[in-house]
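Student: Starting off with a structure, shown below.
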Amino acid sequence: CVTSDPQSAINDFCSLAAMRRELRLRRTAALLRTKRIVGMTVTGASIQRDILRLVRPSLLVVEEAAEVGEPQLLACLSPSVQHLVLIGDHKQLRPPTESHRLARYFDLDVSMFERLINNGISYDQLALQNRMRPELSQFLRDIYPGLKDNLPVVTKHQATPCVAKSAFFWDHSEPETGDRSYINKEEAERCVALALFLISQGVAPSRITILAAYRSQTALISQLVRQRAEQHQHLFPEYFANRAKAGGSAGAAAAGEAEEADDEAVESRGPPILAHTVDVYQGDENDFVIVSLVRSNEECTVGFLKEVSRRCVAQSRARCGFWLIGNADCLTKEVGHWRTLLKSMREAGCVGKQLPLRCVLHPAETQLEASDAASVPAVGAKFCTLNCDMMMECGLHRCPLPCQPRHSHDRCAVRSEVTLPDCGHRAAKLCHQSLEELRCCTMVDFAFEACGHPGRKECWQPEGQLQCLRPCDRDLPGCGHRCQLLCWERCAPESCAQCRADEAARNAELQARRQAAQDEARREAKVELEAIKKQMDGCVKRLELTRDGESASEFLDVEDRVLKYIRAEHSWYPTVNRVEKVLNASLKRKFLSYKSALMFEPDRCELKFHGTSAEGVEGIITSGFRLPEKAGMYGAGIYFASDSSKSAREIYTKGSNMLMLCEVLLGRSLTVLGATKDTYNFKRMRQEKYDSLFAPRNSRATNGVMNDEFVVFEPAQAYPKYIVHYSCVDGSAALKGLPTVLAEGVTRINRPQRHEVDQNNPLFVYWSLVNSRFLSGLTTHGITVTQVQVNQNSDLLAKFEARRLKAGAAAKAPYGFTWAADQREAESVMKSGFSPAAVSGLKFTQLPDLQQMRAAVGGRLALLCKLLPSRHAGSGDPGAPWSIDSPDCAYPRYAIHFSMAG
Ligand SMILES: [Zn+2]
Ligand SMILES: [Zn+2]
Ligand SMILES: [Zn+2]
Ligand SMILES: [Zn+2]
Ligand SMILES: [Zn+2]
Ligand SMILES: [Zn+2]
Ligand SMILES: [Zn+2]
């Protein structure tokens, strides 16, 4: 709720807070009341007296009650307490007061415990002490006159032989320094030197406490202890292990927890040796206690050492050994209880300027009287020169080492010869070793299981883990070379070192040859370049090649290339009419200098087709190829084909009836199987070290060359060498009305001369179709058709058509090639059909097969027949020949005469 008056809101808040406090108090008290014993510190109890009031305890037990100030104790006494039990020692230190005056003038340092005793209340006193060895407790008789030792308990506490006296007052007259809190440097050094001596003689650091009368002295001692511990880390293994662990975990802890982890680490590891003021150590105990009394001055002022209770505390902390370091004269001059103590100690021979130190193992033989810190044997100093001679843990042998440095006796190194139970060999054994952990190192012979070769091993080694390291030396299957592996390695013909070396040599040679070929190509290009610089002037020339005369062979080569690289699916039946050779010195120079300088593989230069419009042809021969602006299927390059019929397609030529046959520097080709669009350009090709892009259009084709497409991205890589002028007929349309023009019987059509070419002459159409059909199927160059004979034989045709009707309307009738030995045989077949006797041996092929012809007849006459084959093409291997069942299944339509160059 909201109230407009701030004062009343504050009042409300305060009363609510008080109510909340009260409720929490009640809840805690209710919980505590269910417990039988509640433990608290006196301070805690006086702060929480509200709770005590609610818990209402009837019995109160106070421990160390002589150290509790009366006002504090009164605060803990609630009205419910019916029984108060105080346990303590009023001979020891009194409760501290805030100021000295409170104690001096108002006795506020007198505990209720002490006051009640002083006032004669009855009390019980401990009769037996359980802490100190008797030689320690005897010097407390002036304080506790009736105290007896509980001998069965206290004699179990072992004194150390390192110090001849387990209670000793090490007297000196080194002066103190300081005015309010005093220090005594020599004493601090003595304390630490004595502690280190004890530790190096085998006493655990945790069993030693150093007490000092003044806080400054304690600080000095702690500092010395840390310094020495760093110097002698091996004496404090536990301390440094803890520190490393705590350091590691503190480092790993998250930033927020780091502080906590650090505190914990400090807590867990403590100092290397405990050092405290006497007052703080009240109530605690340890095995060995070294006390620095500090005070040493000419005035013999001893400050609060005057109080017997402080001496009492200092003197009663040790169980096994107790050494006081101080100035005896200074202490005894004014203070009676110190005189009493020193007197009794002196009588027992336990006071001296020299501390009697001994070797822990040889106390009788070594006697060292330390007169100051410097004469206490330093860590590592060999003050005992005797042999150790302790019994080893085996119980059979004595330790052969020198007494110092200290060492353990658990691994007895005495050697003996034993017989091993498993193999019977003799072996050397150290006393602490068991027979089971011995490895028999005797060398033994054995045979490898896999190869039977002899081997040598140490007796203990399992045979299965060893490998025969002899050279294998077997002859390898496959290549017959000597195996160069080791015996255990598996012979593998594919890893034959000799074969690999041979192959590497072959590859290197091949590489060298390729390199040489390329160097040669470059050199030739340079030579040619030099030559044309002189030969050709700047203008473009077009040289007409002719079918006869000097240029005939070049003409025929070009024509041959056009007619041979026709793909059936393009249905293109051309006749080459003219061939022009282009001479453009400037383009040729660019081409040659590119070839000689920039090609990765300059030795691969091929003639390829390029189809373009009439203007395109003019542009190219005048100023060379140009890169297109738009990227095609394989990028913005210049495209070339191996197939004339592809370049001649209408989309490229646009009716020009011209083809360009170009020299193209293909060089090193990058084969790409799919469209690459913009991926490649000139820069990228150079980066990847390719000269051209190669796209095989139909990977299933057996003759890959007929399917290719090539792309170059540098115009200088192509030189337009020839312009081919052709004419062609649309085969299917042209033939439609033709048969009627042919007379019955054989019509002979000779190869037309150039001036005889007539697109409208049906005979020329026949010639053109058969000519290109025959040449396009050949894989050999240099063949010229000289005459085509067309057979019009109604009788044979009727028989063939009747047969075809029987086979069904859908039956296909492809054309197939076969061969005739000579003109007579050809005429006979064309007149009367194949003889029934020859039918079974007849083979027809889709493409003319010159090899078959040579093997079969050696003649130069091909027959192209219409067929009803018994095994139909298109199933299985397309190149497999057809056969026929009857003479009626083949109609011999054409005979082809041809000549071969050379
Ligand atoms: Zn010794
Ligand atoms: Zn030893
Ligand atoms: Zn032994
Ligand atoms: Zn053995
Ligand atoms: Zn072997
Ligand atoms: Zn081998
Ligand atoms: Zn080989």
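Student: In the set Phe236, Phe169, which member is aromatic (Phe, Trp, Tyr) and modelled with pLDDT under 95? Write out each step before concluding.
Tutor: Values: Phe169 fails: modelled with pLDDT under 95.
Sole residue among the options that is aromatic (Phe, Trp, Tyr) and modelled with pLDDT under 95: Phe236.
Student: Please go through the stretch 380-393 and pick out each residue that is within 11 Å of ligand 1 (Cβ to nearest atom) and either among the hydroxyl-bearing types (Ser, Thr, Tyr) or open to solvent by less than 90 Å² (accessible area, probe 1.4 Å) (or both). Before the answer, list the steps.
Tutor: Keep residues of the stretch 380-393 that are within 11 Å of ligand 1 (Cβ to nearest atom), which gives 382-390.
Phe383, Cys384, Thr385, Leu386, Cys388, Asp389, Met390 - these are the residues of the stretch 380-393 that are within 11 Å of ligand 1 (Cβ to nearest atom) and either among the hydroxyl-bearing types (Ser, Thr, Tyr) or open to solvent by less than 90 Å² (accessible area, probe 1.4 Å) (or both).
Student: Considering only the stretch 54-68, state which residues are in a helix (DSSP H, G or I) and either open to solvent by 40 Å² or more (accessible area, probe 1.4 Å) or among the basic types (Lys, Arg) (or both).
Tutor: In the first step, residues of the stretch 54-68 are kept if they are in a helix (DSSP H, G or I); the result is 54-55, 65-67.
Hit for the stretch 54-68 is Glu67, nothing else.
Student: Mind checking which pairs have a first residue in the stretch 487-512 that is open to solvent by less than 60 Å² (accessible area, probe 1.4 Å) and a second that is among the aliphatic types (A, V, I, L, M) and within 16 Å of ligand 5 (Cβ to nearest atom), Cβ under 9 Å, 6 or more apart or different chains?
Tutor: Going by the 9 Å Cβ cut-off, the qualifying pairs are Cys487/Ala450; Cys487/Leu469; Cys491/Leu485; Ala492/Leu485; Ser495/Leu485; Ala497/Leu485.
Student: Here is a further query. With respect to Asp473, is the statement that it is within 16 Å of ligand 7 (Cβ to nearest atom), touching a Cys at 6+ places or on another chain (Cβ under 7 Å) and either more than 18 Å from Asp422 (Cβ to Cβ) or not in a loop (DSSP other than H, G, I, E, B) (or both) true?
Tutor: Details: within 16 Å of ligand 7 (Cβ to nearest atom): yes; touching a Cys at 6+ places or on another chain (Cβ under 7 Å): yes; either more than 18 Å from Asp422 (Cβ to Cβ) or not in a loop (DSSP other than H, G, I, E, B) (or both): yes.
So Asp473 passes the test.
Student: Here is a follow-up. State all residues of the stretch 598-648 that are charged (D, E, K, R), open to solvent by less than 50 Å² (accessible area, probe 1.4 Å) and assigned to a helix (DSSP H, G or I); if no residue qualifies, say none.
Tutor: So the first thing to find is which residues in the stretch 598-648 are charged (D, E, K, R), and the list is 601, 603-604, 606, 608, 615, 618, 626, 629-630, 643, 646.
Filter once more, keeping what is open to solvent by less than 50 Å² (accessible area, probe 1.4 Å): 601, 608, 643, 646.
The answer is Lys646, and nothing else.
Student: Take the conditions free of Cβ contacts under 8 Å to residues at least 40 places away in the same chain and either within 11 Å of ligand 2 (Cβ to nearest atom) or not assigned by TED's automatic domain parsing to the domain that holds Glu186 (or both) and apply them to Gly380. Does it pass?
Tutor: Working: free of Cβ contacts under 8 Å to residues at least 40 places away in the same chain: no; either within 11 Å of ligand 2 (Cβ to nearest atom) or not assigned by TED's automatic domain parsing to the domain that holds Glu186 (or both): yes.
Answer is no for this residue.
Student: Exactly one condition in (1) touching a Leu at 6+ places or on another chain (Cβ under 8 Å); (2) in the same structural domain as Phe288 (by TED's automatic domain parsing); (3) closer than 30 Å to Arg215 by Cα is not met by Pro71; state its number.
Tutor: Condition (2) is where Pro71 drops out.
Student: Would you confirm whether any residue within the stretch 686-704 is modelled with pLDDT of 90 or more, crowded, with 21+ Cβ neighbours inside 10 Å and touching an Asp or Glu at 6+ places or on another chain (Cβ under 6 Å)?
Tutor: No, the stretch 686-704 contains no residue that is modelled with pLDDT of 90 or more, crowded, with 21+ Cβ neighbours inside 10 Å and touching an Asp or Glu at 6+ places or on another chain (Cβ under 6 Å).
Student: Among the residues that make up the stretch 406-427, is at least one of them within 16 Å of ligand 2 (Cβ to nearest atom), among the polar types (S, T, N, Q) and surrounded by fewer than 14 Cβ atoms within 10 Å (Cβ to Cβ)?
Tutor: Filtering the stretch 406-427 down to residues within 16 Å of ligand 2 (Cβ to nearest atom) leaves 406-414.
Then keep just the ones that are among the polar types (S, T, N, Q); that gives 408.
Add one more test, that the residue is surrounded by fewer than 14 Cβ atoms within 10 Å (Cβ to Cβ), and what stays is 408.
Yes, the stretch 406-427 has at least one match.
Student: Out of (1) away from ligand 1 (no atom under 14 Å from the Cβ); (2) open to solvent by less than 60 Å² (accessible area, probe 1.4 Å); (3) part of a loop (DSSP other than H, G, I, E, B), what's the single condition that is false for Pro377?
Tutor: It fails just one condition, (1).
Student: While we're here: Is there a residue being within 16 Å of ligand 5 (Cβ to nearest atom) and without any contact (Cβ under 8 Å) to a residue 24 or more places away in the chain anywhere in the stretch 425-433?
Tutor: No.
Student: Still on this structure, please answer the following. In the stretch 287-301, which residue that is more than 16 Å from Leu211 (Cβ to Cβ) and out of contact with any Pro (no Cβ under 9 Å at 6 or more places or on another chain) is surrounded by the fewest Cβ atoms within 10 Å (Cβ to Cβ)?
Tutor: First, pick out the residues of the stretch 287-301 that are more than 16 Å from Leu211 (Cβ to Cβ): 296-301.
In the following step, the residues that additionally are out of contact with any Pro (no Cβ under 9 Å at 6 or more places or on another chain) were identified as 299-301.
Details: Glu299: 8, Cys300: 15, Thr301: 14.
Top of the filtered list is Glu299.
Rundown of residues vs (1) over 22 Å from Val280 (Cβ atoms); (2) not in a helix (DSSP H, G or I), yes/no style:
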site	(1), (2)
Val38	yes, yes
Gly44	no, no
Leu52	yes, no
Gln72	no, no
Asp89	no, yes
Tyr105	yes, no
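Student: From the residues in the stretch 362-374 that are loosely packed, with under 13 Cβ neighbours inside 10 Å and not charged (D, E, K, R), which one is nearest to ligand 4 (Cβ to nearest atom)?
Tutor: The first filter runs over the stretch 362-374 and keeps only residues loosely packed, with under 13 Cβ neighbours inside 10 Å, leaving 364-365, 367, 369, 374.
Now drop any that are not not charged (D, E, K, R), which leaves 364, 367, 374.
Values: Ala364: 49, Gln367: 54, Ala374: 59 Å.
Filtering first and then ranking leaves Ala364.
Student: Next question, about the same structure. For Pro145, which of the numbered conditions (1) without any contact (Cβ under 8 Å) to a residue 60 or more places away in the chain; (2) closer than 19 Å to Arg94 by Cβ fails to hold?
Tutor: With respect to (1) without any contact (Cβ under 8 Å) to a residue 60 or more places away in the chain; (2) closer than 19 Å to Arg94 by Cβ, Pro145 is out only on (2).
Student: Can you name the condition, by its number, that Arg406 falls short on among (1) away from ligand 1 (no atom under 16 Å from the Cβ); (2) touching a Ser or Thr at 6+ places or on another chain (Cβ under 8 Å); (3) of a type in the set (D, E, K, R)?
Tutor: The one condition Arg406 does not meet is (1).
Student: Filtering the stretch 355-374 down to residues that are in a loop (DSSP other than H, G, I, E, B) and among the aliphatic types (A, V, I, L, M), which residue is farthest from ligand 7 (Cβ to nearest atom)?
Tutor: As a first pass, look at the stretch 355-374 and keep what is in a loop (DSSP other than H, G, I, E, B): 358-367, 371-372.
From what's left, among the aliphatic types (A, V, I, L, M): 360-361, 364.
Numbers: Val360: 77, Leu361: 75, Ala364: 84 Å.
In this case the residue turns out to be Ala364.
Student: Looking only at the stretch 513-525, count how many residues are open to solvent by less than 60 Å² (accessible area, probe 1.4 Å) and either within 16 Å of ligand 2 (Cβ to nearest atom) or in contact (Cβ under 8 Å) with a residue 12 or more places away in the chain (or both). Reasoning before the result, please.
Tutor: Step one: of the stretch 513-525, the residues open to solvent by less than 60 Å² (accessible area, probe 1.4 Å) are 516-518, 521-522, 525.
Cutting the leftovers down to either within 16 Å of ligand 2 (Cβ to nearest atom) or in contact (Cβ under 8 Å) with a residue 12 or more places away in the chain (or both) gives us 517-518, 521-522, 525.
Total satisfying the criteria: 5.
Student: Of everything in the stretch 85-127, what is out of contact with any Pro (no Cβ under 7 Å at 6 or more places or on another chain), open to solvent by less than 60 Å² (accessible area, probe 1.4 Å) and closer than 20 Å to Leu59 by Cβ? Give them in sequence order.
Tutor: Correct list: Val85, Leu86, Gly88, Met112, Phe113, Leu116.
Student: May I pose another question? Conditions first: (1) open to solvent by 60 Å² or more (accessible area, probe 1.4 Å); (2) within 30 Å of Gln687 (Cβ to Cβ); (3) not assigned by TED's automatic domain parsing to the domain that holds Cys662. Glu528 passes all but one, so which condition is the exception?
Tutor: That leaves (3) as the condition not met.
Student: Follow-up. Leu396 passes all but one of (1) farther than 22 Å from Leu196 by Cα; (2) open to solvent by 40 Å² or more (accessible area, probe 1.4 Å); (3) of a type outside the set (Ser, Thr, Tyr); (4) within 11 Å of ligand 2 (Cβ to nearest atom); which number fails?
Tutor: Every condition holds for Leu396 apart from (4).
Student: Would you pick out the residues in the stretch 69-84 that are open to solvent by 40 Å² or more (accessible area, probe 1.4 Å) and of a type outside the set (A, V, I, L, M, F, W, C)?
Tutor: Pro71, Gln72, Pro79, Gln82, His83 - these are the residues of the stretch 69-84 that are open to solvent by 40 Å² or more (accessible area, probe 1.4 Å) and of a type outside the set (A, V, I, L, M, F, W, C).
Student: Also: So which residues in the stretch 176-202 are assigned to a loop (DSSP other than H, G, I, E, B) and under 30 Å from Cys403 (Cα atoms), if there are any at all? So that I can check it myself, show each step before the final result.
Tutor: Here is the first cut: in the stretch 176-202, the residues assigned to a loop (DSSP other than H, G, I, E, B) are 176, 178-182, 184, 201-202.
The answer is Gln201, Gly202.
Student: Could I ask something else about it? Looking at the stretch 327-340, which of its residues are open to solvent by less than 10 Å² (accessible area, probe 1.4 Å) and in contact with an Asp or Glu (Cβ under 7 Å, 6 or more places away or on another chain)?
Tutor: Residue satisfying the conditions is Ala328 alone.
Student: If you don't mind, another one. Consider the stretch 245-269. How many of its residues are open to solvent by less than 50 Å² (accessible area, probe 1.4 Å) and either assigned by TED's automatic domain parsing to the domain that holds Gly202 or at pLDDT below 50 (or both)? Even if it seems obvious, please write down each step before you answer.
Tutor: Quick first cut of the stretch 245-269, residues open to solvent by less than 50 Å² (accessible area, probe 1.4 Å) only: 246-248, 250, 253, 258, 261, 265.
Subset that is either assigned by TED's automatic domain parsing to the domain that holds Gly202 or at pLDDT below 50 (or both): 250, 253, 258, 261, 265.
So the count comes out to 5.
Student: Looking at the structure I just gave you, is Val192 modelled with pLDDT under 95, out of contact with any Asp or Glu (no Cβ under 7 Å at 6 or more places or on another chain) and of a type in the set (A, V, I, L, M, F, W, C)?
Tutor: Details: modelled with pLDDT under 95: no; out of contact with any Asp or Glu (no Cβ under 7 Å at 6 or more places or on another chain): yes; of a type in the set (A, V, I, L, M, F, W, C): yes.
So Val192 fails the test.
The values are calculated or read from the model by the stated rules, or taken from the named source; none is laboratory data. The shown structure was predicted, so the numbers you read here are calculated from the model rather than taken from an experiment. Quick reminder, even Gly has a Cβ in these numbers, built from the backbone with ideal geometry, and neighbours come from all protein chains shown. The accessibility values were calculated without ligands, DNA or RNA, using every heavy atom of the protein model including side chains. Shrake-Rupley method; radii C 1.70, N 1.55, O 1.52, S 1.80 Å.
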